[in-house]
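Here is the structure we will look at.
The values are calculated or read from the model by the stated rules, or taken from the named source; none is laboratory data. Owing to the predicted nature of the structure, the values given are computational and were not obtained by experimental measurement. When we count neighbours, we look across all protein chains shown, and the Cβ atoms used for this are built from the backbone with ideal geometry, even at glycine.
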Amino acid sequence: MEVRGTVHRYGSNVDTDVIIPARYLNTSSHEELAKHCMEDIDPGFASTVNHGDIIVAEDNFGCGSSREHAPIAIKASGVSCVIAKSFARIFYRNAINIGLPILECPEAVGAMENGDVVTIDFDTGTIHNDSKGTSFQATPFPPFILDIIRAGGLINSIKEKK
Amino acid sequence: MGMTMTQKILADKAGLDRVSAGQLIKVKLDLVLGNDITSPVAINEFDKGGFDHVFDKNKIALVMDHFTPNKDIKAAEQCVQCRKFAGHMGITNFYDVGQMGIEHVLLPEKGLVVAGDCIIGADSHTCTYGALGAFSTGVGSTDMAVGMATGEAWFKVPSALRFNLTGTLPAHVGGKDVILHIIGEIGVDGALYQSMEFTGPGIASLSMDDRLCMANMAIEAGAKNGIFPVDEITIDYMTQRSGRSFKIYEADKDADYAQTYEIDLSRLQPTVAFPHLPENAKTLEEINGMDEKIYIDQVVIGSCTNGRISDMAQAAALFKGKKVAAGVRTIIIPGSQEVYRQCITKGFLEIFIDAGCVVSTPTCGPCLGGHMGILASNEKCVATTNRNFVGRMGHVDSEVYLAGPAVAAASAIAGYITGPKEASSWK
């Protein structure tokens with residue numbers, strides 16, 4: 001399972017309030033949430049993001065609220081993967097549960113700039129920066145998590161097994 | 001090597017003799033919680049999964065507290081969805097306007113959470129119930145959906161940081177000041193994936209409200225949970241409110257802590273977290289030493305962190321016979337109907353209104369920038385809430401300063417950030 005896209009680069013402690021501000025939590029519509037994704041940290045994000053693009057951030061990405069609307073907004077925007085030095089724990093759980101691939105790889109984060117084109121192989125955990133010709137190795141997902149991501153989330157994977 | 005208090009609860013709930021940090025386990029749940037924002041997403045997932053009943057209609061709590069009384073049509077529709085689901089599933093602990101309070105004020109007060117429980121909630125501040133000696137943690141809506149359907153959740157067993165509390169708090173210093181000090185020390189990811197276990201003789205001097213406030217903000221250090229040992233104060237609190245039996249767990253004497261922090265409560269001061277992270281903690285002494293006063297436009301006293309009766313009492317003691325400064329909108333939000341009623345019977349409501357404050361029905365409202373006190377650009381607010389992220393209470397160019405109720409009330413009267421000791425010299 002491979003994805004390729006352009007990097008949108010952010011700093012540390014990107015919280016769920018800037019990923020999807022609470023004023024938009026009066027809906028659970030994925031399309032509506034996507035329209036306001038990253039609005040309070042990067043107002044142009046929703047209009048510039050392309051299908052397959054990749055979010056890259058420093059430490060503690062997704063800190064704050066438990067709102068699943070945050071990874072939902074990112075996934076519904078077309079983002080194929082989030083790479084960070086570290087993730088807040090509820091965000092990490094939520095992202096996997098809804099089938100949004102996320103990788104912790106401090107080395108790769110340090111070597112990526114806004115606009116770089118990156119290819120990621122989830123089976124091997126390889127992150128290749130096509131713009132710079134560099135490669136990095138993240139810990140690949142264990143099979144049960146890869147199953148959840150392939151199925152498009154935990155609920156779908158439970159349904160498939162029923 | 002022994003187990004931490006958290007690990008002992010998790011081992012028991014997983015049906016195992018022992019667990020160790022990093023181990024993946026599946027545990028039985030005593031309560032699954034959701035609110036009017038997270039439950040709709042969970043109900044959608046529940047339906048998508050094809051589930052037709054909940055694991056136990058008495059072990060689910062749905063609290064309509066975030067955007068209620070309904071702030072707009074979409075918020076109203078979300079509550080309709082929750083109301084229908086609760087009715088259809090026969091959920092007994094459904095709290096709507098009139099009965100509801102802010103979830104983490106309400107559940108302990110109603111006796112729905114007790115020591116030894118294992119609780120998940122689709123709200124990050126679910127970690128509050130660790131104050132009662134329970135394992136309790138925030139999750140997302142999918143985990144809530146699966147929890148409602150199966151009564152189970154999977155966890156990676158956390159390692160723990162130990163905070164050994166000694167001494168007693170000085171006057172006008174409370175649980176909020178302690179936890180802001182700690183987050184200032186360790187940072188917003190200082191306890192990432194870990195438990196924060198509070199121990200030591202200093203705990204005996206902390207009220208239940210202080211402990212609930214401290215456990216509530218464990219998530220602001222990135223923690224999976226915060227937890228307090230069970231003592232006479234906890235037992236009194238639980239037996240007055242709950243008919244449920246409880247179980248007391250204690251950390252092993254040789255429990256393995258990743259790190260131990262020594263906190264002398266007697267040395268702590270009123271503390272304020274500056275924008276835009278809860279780790280930006282400054283003592284009042286540092287603030288008083290700044291070149292310029294920080295003038296404010298709004299004060300909010302309430303929330304799942306500081307919306308309890310002792311918080312209201314601290315605010316009332318300062319507001320009594322005083323007026324809020326011109327231009328400072330002061331919004332007081334008792335955390336539950338019970339807290340609201342006590343504010344009436346104790347005469348606090350009259351004090352607040354005479355001082356020029358507005359008193360709201362329970363709601364999370366302004367804390368997350370929902371309603372009931374949204375900030376315009378460049379406005380500043382002192383709030384007893386738990387987060388001061390960019391745009392948290394409104395415009396991205398507004399600022400939130402986190403503090404306890406005493407600092408918030410003193411600042412409302414002064415018009416700038418100041419403390420209760422300074423206020424005592426005012427006429």
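What's the number of the condition B:Asp311 fails, among (1) surrounded by 18 or more Cβ atoms within 10 Å (Cβ to Cβ); (2) in a loop (DSSP other than H, G, I, E, B); (3) among the acidic types (Asp, Glu)? Only one criterion in (1) surrounded by 18 or more Cβ atoms within 10 Å (Cβ to Cβ); (2) in a loop (DSSP other than H, G, I, E, B); (3) among the acidic types (Asp, Glu) is unmet by B:Asp311, namely (2).
A search for C-beta distances below 9 Å between a residue of the range B:230-249 that is modelled with pLDDT of 95 or more and any residue that is outside any loop (DSSP other than H, G, I, E, B) and among the charged types (D, E, K, R), counting only pairs 6+ apart in sequence or on different chains, returns B:Ile233/B:Arg211; B:Thr234/B:Arg211; B:Arg241/B:Glu109; B:Lys247/B:Asp12; B:Tyr249/B:Lys8; B:Tyr249/B:Asp12. When the helices (runs of 4 or more DSSP H) confined to the range B:1-100 are screened for residues that are in contact with a Lys or Arg (Cβ under 6 Å, 6 or more places away or on another chain), those reaching at least 2 such residues are found at B:5-14.
Assessment of the range B:373-384 against the conditions (within 28 Å of B:Gly111 (Cα to Cα) and either in a loop (DSSP other than H, G, I, E, B) or not basic (Lys, Arg) (or both)) yields at least one matching residue.
Does B:Ser411 count as in a loop (DSSP other than H, G, I, E, B), of a type in the set (Gly, Ala, Ser), over 16 Å from the mean Cα position of the chain (by Cα) and closer than 22 Å to B:Lys282 by Cβ? No, not satisfied. The criterion of at least 3 residues that are within 24 Å of B:Pro40 (Cα to Cα) and among the small types (Gly, Ala, Ser) is met, among helices (runs of 4 or more DSSP H) falling completely within the range A:1-79, by A:69-76. You will find that of B:Val41, B:Val27, B:Val32, the residue that is over 23 Å from B:Gly101 (Cα atoms), in contact (Cβ under 8 Å) with a residue 60 or more places away in the chain and buried (at least 18 other Cβ atoms within 10 Å of the Cβ) is B:Val27 and no other. Here B:Trp154 meets the list (1) assigned to a strand (DSSP E or B); (2) within 21 Å of the chain's Cα centre (by Cα) almost entirely, failing just condition (2). A:Val109 meets the conditions (1) surrounded by fewer than 24 Cβ atoms within 10 Å (Cβ to Cβ); (2) within 14 Å of chain B (Cβ to nearest Cβ) in every case but one. The failed one is (2). Among the residues of the range B:73-98, those that are within 14 Å of chain A (Cβ to nearest Cβ) and over 25 Å from the mean Cα position of the chain (by Cα) comprise B:Ile73, B:Lys74, B:Glu77, B:Val80, B:Gln81, B:Phe85.
Contact map, the range A:78-90: residues that are within 14 Å of chain B (Cβ to nearest Cβ) paired with residues that are surrounded by 24 or more Cβ atoms within 10 Å (Cβ to Cβ) and assigned to a strand (DSSP E or B), Cβ distance under 6 Å, separation 6+ or inter-chain. Pairs shown: A:Ala84/A:Phe61; A:Phe87/A:Phe61; A:Ala88/A:Cys63; A:Ile90/B:Gly138. Looking across B:Ala191, B:Ala223, B:Ala204, one residue alone is within 14 Å of chain A (Cβ to nearest Cβ) and either within 16 Å of the chain's Cα centre (by Cα) or in a helix (DSSP H, G or I) (or both). It is B:Ala223.
Taken over the range B:358-369, the criterion of being assigned to a loop (DSSP other than H, G, I, E, B) and either at positive phi or crowded, with 24+ Cβ neighbours inside 10 Å (or both) is satisfied by B:Pro362, B:Thr363, B:Cys364, B:Gly369.
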